[in-house]
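Novice: Structure provided below as structure tokens; questions to follow.
The values are calculated or read from the model by the stated rules, or taken from the named source; none is laboratory data. No experiment lies behind these values; they were computed from the predicted model shown. All Cβ positions, even for glycine, are placed from backbone atoms using ideal geometry, and neighbour counts span all protein chains on display. In case anyone asks, the SASA skips ligands and DNA or RNA and just uses the protein heavy atoms, side chains included. Shrake-Rupley method; radii C 1.70, N 1.55, O 1.52, S 1.80 Å.
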Amino acid sequence: MPANEHTPYSLASLSKPITTTGLMVLVSQGKIDLDKPANDYLGSARLVARVGNATEATVRRVADHTAGLPLHYQFFYGDEPWRRPSMDETLLRYGNLINAPGERYEYSNLGYGVLDYVIERVSGQSYAEFMRREVFLPLGLTRTAVDIPTAVAPYAATRYGRDGLPIPLYDFDHPGGSAVYSSAHDLVRFGMFHLKNRLTGARPILDDAAIDEMHRPTGGVKDGNGYGIGFDNRERHGYRVVSHTGGMGGVSTAMWLVPEANLAIVALANASTGLPHQVADRIAAELLANWKLPDPQEKRERPKLAPFETPADLAGQWSGSLHTHQGEVPITLAFRPDGQVHARLAEQMVALVNDPRFSDGRFRGRFIGRIGTEDTERFDYVVALNLTLRGSVLNGAATATGGNTGHRDPRVRNALSHWVTLTKQRVEDKAATPVGPGAG
């Protein structure tokens with residue numbers, strides 16, 4: 001089906017600045033305070049602080065990815081038997097703050113599931129209906145919706161997988177982070193609103209101060225660059241660029257706003273491809289002085305990881321538990337003098353931790369193991385560790401990540417993070433579970 005500027009495309013994470021625009025409408029109405037705990041706007045299922053204090057996980061910190069929530073995404077395909085649980089159930093299973101609020105920037109789709117749920121609870125409307133009434137219609141975004149209404153579905157761009165075949169419609173447990181469909185025309189209108197233009201057929205739903213607040217980087221700030229309330233904000237080639245991109249199964253999107261030039265650039269694709277980013281880059285190079293395109297002759301090779309050398313603080317054996325909604329799973333890590341790291345879950349075989357690395361107090365690596373919950377066992381996955389050394393304790397996330405197991409699954413699977421805490425075993429502790437060659 002030929003596409004045009006009015007064809008609705010799935011936006012993936014480009015949904016985030018749209019969701020936070022709706023959030024800011026409620027802030028401007030005095031119904032939400034950005035600096036109050038997100039839990040103040042939730043029900044009985046709340047964010048649980050495994051580190052720090054949940055009262056410091058404010059709405060603002062959820063929006064700028066510094067609340068402490070970990071990596072998370074979970075997809076539910078229409079031709080498979082699993083369906084999205086309620087947001088309360090998702091929070092009960094995965095609403096763990098694995099970093100202290102404000103401690104570090106950690107991009108999390110789950111936070112945007114929290115935000116769309118806050119919008120619902122505060123407004124008394126569904127997230128989709130609130131966004132339609134308070135954002136899409138006032139801004140004249142007539143080809144924009146949360147998900148795709150039945151009447152519009154035949155005209156929307158079909159998402160295509162890595163195998164070149166159409167992907168069945170799918171849902172997820174973080175609609176505010178991924179569920180919006182929009183056209184290139186509508187997104188340019190949305191972008192021009194955020195550049196403080198007043199377009200025909202649109203009324204301002206936020207004042208200029210609220211827009212500035214959204215664009216101001218507060219999360220992951222380094223050298224003045226960082227993430228605000230749903231927007232990335234950084235300097236590129238001498239220009240301040242306020243932007244967001246999106247990518248998931250059959251989706252690649254980009255929206256770049258350049259306030260200095262009053263320029264909004266949008267590029268959308270219904271496949272997993274880098275083309276939208278290349279197209280946006282070329283448009284910027286045509287319209288902005290001094291914008292430089294990458295040298296096509298320059299090969300970008302992923303830097304090779306240096307051999308892992310076991311830090312003294314980690315050397316030895318650590319044991320503890322991996323928390324799931326179905327119970328605790330024993331976990332043991334052994335950091336050997338030769339740089340190898342071995343992991344063991346419960347009574348499973350010992351596994352080698354691949355690509356181990358330790359920097360800024362964090363240990364990362366991945367291994368083959370089974371967490372054993374009904375959510376994780378639907379598909380093949382590896383367990384990815386993201387642990388922080390806090391004195392004599394090593395804690396953080398163990399994420400069941402699908403799609404990294406060597407099997408060629410054309411569909412994007414899940415990333416489900418679980419709280420892990422380990423303590424270092426004393427040498428004289430004879431009761432320690434052995435981890436190493438032959439221990440399995």
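Novice: Tally time: how many residues in the range 339-349 are in contact with a Pro (Cβ under 9 Å, 6 or more places away or on another chain) and open to solvent by less than 60 Å² (accessible area, probe 1.4 Å)?
Specialist: So the count comes out to 6.
Novice: Condition first: open to solvent by less than 70 Å² (accessible area, probe 1.4 Å) and either polar (S, T, N, Q) or under 17 Å from ILE32 (Cα atoms) (or both). Now tell me which residues in the range 54-66 satisfy that.
Specialist: If the condition is that a residue be open to solvent by less than 70 Å² (accessible area, probe 1.4 Å) and either polar (S, T, N, Q) or under 17 Å from ILE32 (Cα atoms) (or both), then ALA57, THR58, VAL59, ARG60, VAL62, ALA63, ASP64, THR66 are the ones that fit.
Novice: Restricting the range 192-227 to residues that are open to solvent by 40 Å² or more (accessible area, probe 1.4 Å) and part of a strand (DSSP E or B), which is farthest from VAL27 (Cα to Cα)?
Specialist: LYS222
Novice: Tell me which of these ASN233 doesn't satisfy, since it passes every other one: (1) crowded, with 17+ Cβ neighbours inside 10 Å; (2) in contact (Cβ under 8 Å) with a residue 40 or more places away in the chain.
Specialist: In the conditions (1) crowded, with 17+ Cβ neighbours inside 10 Å; (2) in contact (Cβ under 8 Å) with a residue 40 or more places away in the chain, ASN233 misses (2) alone.
Novice: Is it fair to say GLY230 is on the phi > 0 side of the Ramachandran plot and assigned to a loop (DSSP other than H, G, I, E, B)?
Specialist: Taking the combined requirement at face value, the residue satisfies it.
Novice: Does the range 245-255 contain any residue that is open to solvent by 40 Å² or more (accessible area, probe 1.4 Å), farther than 20 Å from GLU134 by Cβ and without any contact (Cβ under 8 Å) to a residue 40 or more places away in the chain?
Specialist: The answer is no, given that none of the residues of the range 245-255 is open to solvent by 40 Å² or more (accessible area, probe 1.4 Å), farther than 20 Å from GLU134 by Cβ and without any contact (Cβ under 8 Å) to a residue 40 or more places away in the chain.
Novice: So, MET131, is that one part of a helix (DSSP H, G or I), of a type outside the set (Phe, Trp, Tyr) and closer than 27 Å to GLY113 by Cβ or not?
Specialist: Answer is yes for this residue.
Novice: Of (1) open to solvent by 70 Å² or more (accessible area, probe 1.4 Å); (2) at pLDDT 95 or above; (3) at positive phi, LEU352 satisfies all except one. Which?
Specialist: (3)
Novice: For the range 211-223, indicate whether the set of residues that are modelled with pLDDT of 95 or more, among the small types (Gly, Ala, Ser), under 26 Å from VAL62 (Cα atoms) and touching a Pro at 6+ places or on another chain (Cβ under 8 Å) is non-empty.
Specialist: No.
Novice: Next question, about the same structure. If a residue has to be in contact with a Ser or Thr (Cβ under 6 Å, 6 or more places away or on another chain) and either part of a helix (DSSP H, G or I) or open to solvent by 20 Å² or more (accessible area, probe 1.4 Å) (or both) to count, how many in the range 160-176 make the cut?
Specialist: Selection size over the range 160-176: 2.
Novice: Starting from the range 333-345, keep only residues that are farther than 22 Å from ALA400 by Cβ, then list their pairs with residues that are among the β-branched types (Val, Ile, Thr) and open to solvent by less than 20 Å² (accessible area, probe 1.4 Å) whose Cβ atoms are within a distance under 9 Å, requiring at least 6 positions of separation or different chains.
Specialist: From residues that are farther than 22 Å from ALA400 by Cβ, the pairs are PHE335/VAL341; GLN340/VAL353.
Novice: Restricting attention to the range 2-48, which residues are polar (S, T, N, Q) and either more than 25 Å from ASP147 (Cβ to Cβ) or open to solvent by 60 Å² or more (accessible area, probe 1.4 Å) (or both)?
Specialist: Correct list: ASN4, SER28, GLN29, ASN39, SER44.
Novice: Right, here's the next one. With respect to GLN278, determine if the residue is out of contact with any helix residue (DSSP H, G or I) (no Cβ under 8 Å at 6 or more places or on another chain), at pLDDT below 95, closer than 30 Å to GLY250 by Cα and not charged (D, E, K, R).
Specialist: no
Novice: Where in the range 1-114 are there helices (runs of 4 or more DSSP H), lying wholly inside it, with at least 1 residues that are more than 30 Å from TYR155 (Cα to Cα) and among the polar types (S, T, N, Q)?
Specialist: Because the criterion is at least 1 residues that are more than 30 Å from TYR155 (Cα to Cα) and among the polar types (S, T, N, Q), the helices (runs of 4 or more DSSP H) in the range 1-114 that meet it are 15-28, 87-94.
Novice: Could you please let me know if VAL51 is within 26 Å of GLU213 (Cα to Cα) and surrounded by 16 or more Cβ atoms within 10 Å (Cβ to Cβ)?
Specialist: No: the conditions fail for VAL51.
Novice: Tell me which of these THR144 doesn't satisfy, since it passes every other one: (1) surrounded by fewer than 16 Cβ atoms within 10 Å (Cβ to Cβ); (2) in contact with a helix residue (DSSP H, G or I) (Cβ under 9 Å, 6 or more places away or on another chain).
Specialist: Unmet for THR144, out of (1) surrounded by fewer than 16 Cβ atoms within 10 Å (Cβ to Cβ); (2) in contact with a helix residue (DSSP H, G or I) (Cβ under 9 Å, 6 or more places away or on another chain): (1).
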